[in-house]
2 protein chains.
Amino acid sequence: MKKYPSVTLAIFLRITFAVLESAMLFRSFLPTLAMVTTIGGSLARADEGMWLFNNPPLQQLKTKYHFEPTPQWLEHLQKASVRFNSGGSGSFVSANGLCITNHHVGADALQKASSDEHNYLRDGFYAKTQSEEIKCADLELNVLMSIEDVTTRVKSSVKSALSAEAASKARDNAIAEIEKESKEKTGLRSDVVKLYQGGAYHLYCYKRYDDVRIVFAPEQQMAFYGGDPDNFEYPRFDLDICIFRAYENGQTAKIDNYLNWNPHGPSDGELTFVSGSPGRTDRQLTVDELADRRDREVPGWLNLFNRREVLLNAWGQRSFENARRAREDFFGDQNNRKRYDGYVAALFDPEIWRAIEQREQKLRDAISANPKLKAAIDAYDRIKKAQAELAGIAPRYGYLEQERPLTVGYRGPRAFYGTLFKYARLLTRAIEERGKPNGERIAPFRDSAKESLELELFSTEPVYDDYEILRLTDSMTDFAEKFGGNDSLVKQVLAGKSPHARAVELVTGTKLKDVGFRKDIYGKDAAALQNIHDPMLELARLIDGPAREARKAHDVQEEIKEQAYAEIAKARFAIEGTSNYPDATFTLRLSYGTVRGYEEDGKKIPPFTNFAGLYQRAAEHHNQPPFDLPPRWVDGKAKLNLNTPFNFVSDADIIGGNSGSPVVNKANEFVGIIFDGNIQSLVLDCIFSDKQARAVSVDSAAISEALREVYRADTLADELEGKKK
Amino acid sequence: MKKYPSVTLAIFLRITFAVLESAMLFRSFLPTLAMVTTIGGSLARADEGMWLFNNPPLQQLKTKYHFEPTPQWLEHLQKASVRFNSGGSGSFVSANGLCITNHHVGADALQKASSDEHNYLRDGFYAKTQSEEIKCADLELNVLMSIEDVTTRVKSSVKSALSAEAASKARDNAIAEIEKESKEKTGLRSDVVKLYQGGAYHLYCYKRYDDVRIVFAPEQQMAFYGGDPDNFEYPRFDLDICIFRAYENGQTAKIDNYLNWNPHGPSDGELTFVSGSPGRTDRQLTVDELADRRDREVPGWLNLFNRREVLLNAWGQRSFENARRAREDFFGDQNNRKRYDGYVAALFDPEIWRAIEQREQKLRDAISANPKLKAAIDAYDRIKKAQAELAGIAPRYGYLEQERPLTVGYRGPRAFYGTLFKYARLLTRAIEERGKPNGERIAPFRDSAKESLELELFSTEPVYDDYEILRLTDSMTDFAEKFGGNDSLVKQVLAGKSPHARAVELVTGTKLKDVGFRKDIYGKDAAALQNIHDPMLELARLIDGPAREARKAHDVQEEIKEQAYAEIAKARFAIEGTSNYPDATFTLRLSYGTVRGYEEDGKKIPPFTNFAGLYQRAAEHHNQPPFDLPPRWVDGKAKLNLNTPFNFVSDADIIGGNSGSPVVNKANEFVGIIFDGNIQSLVLDCIFSDKQARAVSVDSAAISEALREVYRADTLADELEGKKK
């Protein structure tokens, strides 16, 4: 599964320049071999790159594929593309607001809409009529309407004499001002996006849809067929889709730019395009920072993922209802564990490591050789020093302040894992930050993020006491283990109780489960908050000081790195020109690639699977989990055309956050939907290669066939295929 | 599951005085409240204690239960008790060598006897005739024949002027000499056991049985019904038994002392006895050492168990055969994770922690108040300092030298997890240690342990390349993560390859899978070994130097602690007299207790479950794993007397290593078999309480009924019940 967490989180990251922390949110790509080549001056290119819509790879497409997309072609695809705040991509596929994404992107919404009576996440859902569509608790869709270069204005705000902290504040201020102005002028969500490590700043304006309803989801077992064992593998047999409908003013949204549905999918060897929001790449990191990541950071995250996976698995096995409650978090932890196991494996591959070292050496040589640029070489050392400082700050920052790495949505810092603490933290911070000038606030509390914050804070997502207690007990135990039972903050947090007893007290004692109470608190000022005696809010207040201290120490070092990386990036631009795409930033990008298979251990892996293969795989595993077929699919076999292509691979350059991205052909028709990369694509985190690394998609033909023959959703299929309205 | 690893490992521990490392092998109990009370002078006692057979709790039994076991009664029970080198306890239950233990103790043997064709571990086994019994690959049974006090001789070997290192060597030498002499004189396995933290040394002589055959095992699903969710829980429904037969000279062993089978089990409120080999308790540790364990050591082990559990679970899900290969290691990791989660939870309970602190304070006060003893107070500081040194040594020691914590059998140190490296390490060490005087060797290479070593080294246990590669890749990755990719030893170990590529090279390149090759190498001397070019042996030689260095540094600190603890123990004896039992040492002990239920969250938990409860539990979980019933049990329901008692609890003082211990009544009849403790007994690791903590047993009535009605094993049931032969 590829998945990108909530937009709220993304905003945190972008504005705090938290390179370290944000790296945890995605399959982080490192500079590619092709870019190494670029440094060397060659023009040879694979199907590489996550290109800006205002700087598309026109030359590459023309040279290699003799294809020249028009501005209209690009605008249509841009405006048909949708970003999900629950962490992923999608696209409009009907004039009446139908929007398709992955099941694992929609899972959060399905989970929140479920109860112990209706398990839509597990069992699937289909609204035969519009009146049956289920409104999502807190799902927001964003459509990119315009891009404006605001680099000059942002950069001019930072005077050269400023200290690191002051520079950061000045830049944040300028960004907040631009966003606020734009928001007031256009009414659109307005985000300033930092590109090229601060080489450029673009203002992105989004149309928001916050009335989104669930139309269709298959059984999770079909969306995630093969489970953890098949995750990141190929061949695959997954119907990883989920269909929503956007509404405006209580009516179905009228969509001008939507993709026409091609019910036949792509062909072997066909050129395709991927339009989506890849989360984050780190293709510019220094060798020193990568070594620290390999030896310290990623192992630390894996330690957490392993711990969580074991915790949720053990608890989930105690009853069906437990399993249902933990299901999505559990899958998230498994997914991250597999992803980062692959990432670490790649970084410990000497061939890859040599290429990383060579890439840096070549750039250093080029910088050193240029008298105007050579001062930038010092930046490498500054990064190394800052990284060492960050390692020292990491424990306190990680446990008290840093947002949950890589889980779905914000879940509080490592020491306080759960929905209720999250509310307490957001409320406490919202009230305090509100008293500051907009530009000085922590990112999610700025005016531009107000709607997203309130959406999250006033969510009607169900909260289960037992599940909250389980997670809070474990995370406070983790905290106590890390700092020791004699640590004074640990003692204050536990208040003379065991982690379990304290978690019970906090969870059963707080009123934060009640949306009304949260709204009431949100309306108060800082002075009034002091008089509220709610144990969870009091805990959030207790750790707020130490947490903010850790954040401050962390941000100072990040700012030093930020400036150093900007200096290197500047030198790189001077050498490379603008021929390259910037690192991914969970903003809209265009990738392209050919549908094609690959070789593995001397065996040819064809690009397509089909329904026949699905039934064969189930039979090989005696239809046992996670290879079991839902009853509908057992019964439906006779009606299905078993030769229908099911999943396919292409060599497009994608990453976490691209989940749910539409795959379109040259005619701009929807021919498939990205949902994963193969295991070899985990290597792509470090080195680009199109030898084996592949993006994995569901074929549009499979979607049409399954909707009609298995789910008897002809009305929906007709609407997708434009046969009815 | 309670399980104690191999005897070989136990020998390592006992002789190296590895307090730290051995604590990982058991559910470590800490001093009980009753002992605190004892310090205060009270005589009130619960059913507490793991008593020596040469110093049984006669007074307690007489006072509380008006029962006075005779010397003959004690000798009979002692000699009917059996220690399993695969990690647990058992007892002879027929004149012709039948020996019963837990399924999870026999699991290692069942696993080794299985193949992809016959999965006896999963599916069970029954030899209808003696000729069908399966000889175990490397299982050794020990029966304690005599106990002799050798304290004076051991202690007189240590002159007061000796350095810590020299003292340790002198003591080891004396012990090795005593063991050797005794072995030569009696022909029996002879172990000197350190008791009361070095207050006393007793020589234990064992009769060994190394021709052991499998007679009966139920399906693992019935032995471990409810799986990880029900592990350490009550009520329970587990048939956790496995029956072997001992042979001598190719004939069934003739057993004089065996337990008569009582087919009715015990009654509510009845006094029962448990005779078995509890692994290790740590009821004397200082507050400082326990704080270090709570904050550093146990979290480190849990990190490893979580990592392993996730690794083996993910791999096991890829195919049925993978799951079979990893099954036992996987269950071991889950078991340890649950156990240590409970242990840490207890140490973070402020009530328990206060009791620990008070216990130490009382003892300190009593020592300080006595002019003859008060010099011993300094020992507390020496322990604290040594513990801090050990924390610094821990990473290198743990990854390169320390035996696998808490897995079943020796598996190599943390960095090199797998059977093949284990052989390489054992061979390399055996050859090198052989050249030294017996007393200076590392424990498992002394003459007294020769047979056990060879049993392990020449095992015919199947070795699977894929499983070896999986584990070695992961553990070398763990090693590289811990020390960093730039560490010179990491670089030497990986030899310019990725952990996976290196593991493939090592596993596919070594000849150590071949028993003949291992025997051949074992016959060589150190010079000849240098000329063997086998990649795994070369790796073992490469890390031998650094590993031995880490061991040496570790042992120096352990010896300092050893002496300091001995000083405190000496002072304690002076205060307490001999009224107490010593900490457990995986040697035979006698516990006692009443069959009785308890209260939980205001609910009464009755002491017995029955077969009807089993079927009810399966129905509640829709017969889904891990609550599914094997077909034999579904079919057998009609024939079973559903009111037959199945499992029961008593308040006897037990711990890991007691698994498989017989439960006998006052008539010395077999009425049940220990297989677990409830979740509240995890608290017993820190504080004794008979309020809720309970030992869990299979009722003898259930065994008789199941053998006859479900397994149609009347011949076996008849032999057990003494109806034939």
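A few comments on the model shown:
- Whole-Hz couplings from phi, Karplus 6.51/-1.76/1.60, listed for the stretch B:696-706; x for Gly and Pro: 10, 10, 8, 6, 4, 4, 5, 5, 4, 5, 5
- Close amide H contacts of B:W51 (hydrogens built in the peptide plane, cut-off under 5 Å, sequence separation of 5 or more or a different chain): B:L590, B:S591.
- Given charges at beta-carbon only (K, R positive; D, E negative), |dipole| of chain B in Debye: 1000 debye
- Pairwise Cα distances in the stretch B:533-575 exceed 14 Å in 66 percent of cases.
- Counts of other chain beta carbons within 10 angstrom of each beta carbon in peptide B:307-313 average 5.
- Note on chain A: Cα convex hull, mean projected area over all directions, 29.7 nm².
- Near A:L203, the amide H atoms lying under 5 Å from its own belong to A:E148, A:D149, A:V150, A:V193; only residues 5 or more places off or on other chains count, and H is placed 1.01 Å from N.
- Proportion of all alpha-carbon pairs of the stretch B:548-684 beyond 27 Å (%): 49 percent
- Dimensions (Å) - the stretch B:645-725, Cα atoms, principal axes, largest first: 46, 26, 21
- In the stretch B:287-574, a dipole from Cβ-located charges (positive for Lys and Arg, negative for Asp and Glu) runs towards its positive end, and of B:H500, B:G484, B:A386 it is B:A386 whose Cα lies farthest in that direction.
- The Cα trace of the stretch A:207-300 gives Rg and Dmax of 19.8, 54 Å, the first to one decimal, the second as a whole number.
- Calculated log₁₀ intensity ratio I(q)/I(0) where the Debye formula runs over C-alpha points of the stretch B:48-182, q = 0.09 Å⁻¹: -0.50
- Taking the helices alone, the protein assembly as shown has a mean residue ellipticity at 222 nm of -14500 deg cm²/dmol, built from -39,500 (n - 2.57) per DSSP H run of at least 4 residues and averaged over all its residues.
- Candidate aspartates and glutamates for bridging to A:K604, where Cα separation is under 17 Å - those fewer than 8 sequence places away on the same chain excluded: A:E233, A:D268, A:D651, A:D690
- When DSSP beta bridges are restricted to pairs lying wholly in chain A, around 95% turn out antiparallel.
- 26 Å Cα-Cα reach of A:K362 towards lysines, excluding residues that sit fewer than 8 places from it in its own chain: A:K194, A:K372, A:K374, A:K384, A:K385, A:K561, A:K570, A:K691, B:K491, B:K497
- Each of the peptides A:181-187, A:338-344, A:258-264, A:656-662 was scored by the mean count of other Cβ atoms within 10 Å over its residues; in descending order, highest first, they stand as A:656-662, A:338-344, A:258-264, A:181-187.
- Rounded to the nearest 20, the Cβ-based charge dipole of the protein assembly as shown about its Cα centre (Lys and Arg +1, Asp and Glu -1) stands at 1600 debye.
- When chain B is turned onto chain A, its residue with the beta carbon nearest the axis, and that distance in whole angstrom, is B:N306, 2.
- Rounded to the nearest 0.05, the FRET efficiency derived from the C-beta distance between A:K519 and A:Y65 at R0 = 60 Å is 0.65.
- Number of partner chain Cβ atoms within 10 Å, mean per residue of A:476-486: 4
- Phi to ³J(HN,Hα) by Karplus 6.51 cos²θ - 1.76 cosθ + 1.60 over the stretch A:240-250, Hz, x for Gly, Pro: 7, 10, 7, 10, 10, 9, 8, 10, 9, 6, x
- Short to long, the 10 Å bins of the Cα pair-distance histogram for the stretch B:61-115 hold 20, 35, 27, 13, 4, 0 percent of all pairs.
- Label-to-label distance, B:N55 versus A:K491, with points set 7 angstrom from Cα along the beta-carbon direction: 3.8 nm.
- Kirkwood Rh (inverse of mean 1/r, distinct Cα pairs), the stretch A:408-460, angstrom: 11.6 Å
- In the stretch A:620-671, one over the average inverse separation of all distinct C-alpha pairs is 14.6 Å, which is the Kirkwood hydrodynamic radius.
- Each Lys and Arg contributes +1 and each Asp and Glu -1, all at the Cβ; summed about the Cα centre of the stretch B:287-574, the dipole is approximately 180 debye.
- For the stretch B:262-420, the square roots a ≥ b ≥ c of the C-alpha gyration tensor eigenvalues yield an a/c of 1.5 or more together with a/b not exceeding b/c, which makes the shape oblate.
- Per residue Cα convex hull volume in Å³ - calculated over the stretch B:335-376: 74 Å³
- Peptide B:314-326 shows a mean partner chain C-beta count of 3 within 10 Å per residue C-beta.
- D (Stokes-Einstein, µm²/s), Kirkwood Cα radius, the stretch B:287-574, 0.692 mPa s at 37 °C: 155 µm²/s
- For the residue pairs A:K436/A:K519; A:K79/A:K524; A:K450/A:K552; A:K637/A:K723; A:K338/A:K637; A:K79/A:K666, the alpha carbons lie more than 28 Å apart in A:K79/A:K524; A:K338/A:K637.
- Within the protein assembly as shown, the percentage of alpha carbon pairs spaced more than 42 angstrom apart rounds to 51%.
- Relative contact order (%) - criterion: Cα under 8 Å, at least six apart; region: the stretch B:287-574: 23 percent
- Chain A: relative contact order as a whole-number percent, Cα under 8 Å and 6+ apart: 27 percent
- Taking amide H atoms as placed 1.01 Å from N in the peptide plane, the amide H of B:V215 lies under 5 Å from those of B:I243, B:F244, B:R245, each 5 or more residues away in sequence or on another chain.
Every number in this text was worked out from the coordinates using simple rules, so none of it is lab data. Because the structure is predicted, anything quoted here is derived from the model rather than measured. Cβ: placed from backbone, ideal geometry, glycine included. Neighbour counts: every protein chain shown.
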